[in-house]
Amino acid sequence: RYFSYVHMSTLTHDIFNNVGFADLPYHQFFESLFNSGYHQNSVIISFSDHAIRFGSAVDTDSNVHESKLPYLHIYIPDSFVLDGKNADEIRRILIENSRKLTSHFDIHATLRHILYGKEPVDEKYGVSLFTSISKKRTCSDAGILPQYCMCNSYEKLHLSQSIMEQTANFSVNHINNNLLKGV
């Protein structure tokens, strides 16, 4: 068994337009993986941790949703069998779960499910994505912080320059006072 975890963030982290530079290498990687046949016995999980956090794209509805509902794709090979379920049954569960509340903790539980061959039951937040997830699951159940929960609605505040300056000055003074006190 082999396991690979690749975390890439520098290409697109600060400059949105750099995402186009990833297209060709990603295409070549997946083309090579599938042309070589390695996909036939590999579960492939690809996901993002958040959306763009800088620039004009931050204020778009799409970016707000992507920040709270990041990209996730799971490829299941035809040969995959787990807990007595074949690939088609697992794909059906994944499709069913795609419309339910999930988090990155679930990816951890899913990897443990693959590794040990049985659903982990000792995860604080994670549930294997290869098992049916409750429709009643809450953000709190899934370990999703309130600021990333899509159940909450937010209104954009329109604050004057004066209010923003007063707030910034108060915050800086409060932090400086605590530093001077050794708090």
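The values are calculated or read from the model by the stated rules, or taken from the named source; none is laboratory data. Just so you know, these numbers come straight off a predicted model, no measurement behind them. Note that each Cβ is placed from the backbone with ideal geometry, even for glycine, and that neighbours are counted across all protein chains shown. Please note that ligands, DNA and RNA were not included when accessible areas were found on the heavy atoms of the full protein model with its side chains. Shrake-Rupley method; radii C 1.70, N 1.55, O 1.52, S 1.80 Å.
Quick notes on this structure:
- For the chain, adding -39500 (n - 2.57) for each run of n ≥ 4 DSSP H residues and dividing by the number of residues yields -12000 deg cm²/dmol at 222 nm.
- Extension gain for the segment S62 to L180, taken as residue separation times 0.36 nm less the Cα-Cα distance, is 38.2 nm to one decimal.
- If you count Lys pairs in the chain whose Cα atoms are under 14 Å apart, skipping same-chain pairs closer than 8 places in sequence, the total is 4.
- Listed residues S36, F80, S62: farthest to the positive end of the dipole of the range 4-106 (Cβ charges): F80
- Whole-Hz ³J(HN,Hα) from phi, Karplus 6.51 cos²θ - 1.76 cosθ + 1.60, for the range 161-170, glycine and proline x: 4, 4, 5, 5, 5, 4, 5, 4, 4, 4
- Residue-span extension gain [Y148 to Y26] - 0.36 nm each, minus C-alpha spacing: 41.1 nm
- Among the trypsin sites (Lys or Arg not before Pro) within the range 41-110, those in coil by DSSP and having at most 15 neighbouring Cβ atoms inside 10 Å are R53, R99.
- Using the Cβ-Cβ distance between L33 and S132 with R0 set to 22 Å, the FRET efficiency works out to roughly 0.15.
- Mean separation of Cα contacts under 8 Å (6+ apart) over length of the chain, as relative contact order %: 14
- Inter-centroid distance (Cα atoms) of the range 101-128 relative to the range 16-36, Å: 28
- Per residue accessible area of the chain, 1.4 Å probe, in Å²: 76
- One Cα centroid belongs to the range 169-183, the other to the range 62-83; the line between them spans 44 Å.
- Of the chymotrypsin sites (Phe, Trp or Tyr not before Pro) found in the range 1-109, those that fall in a DSSP loop while having at most 15 other beta-carbon atoms within 10 Å are Y2, F3, Y5, F54, Y71.
- Hz values of 3J(HN,Hα) by residue in the range 120-126 - Karplus curve (6.51, -1.76, 1.60), Gly and Pro given as x: x, 10, 9, 7, 5, 10, x
- With the simple model of a label 7 Å out from the Cα in the direction of the Cβ, T10 to V121 spans 4.5 nm.
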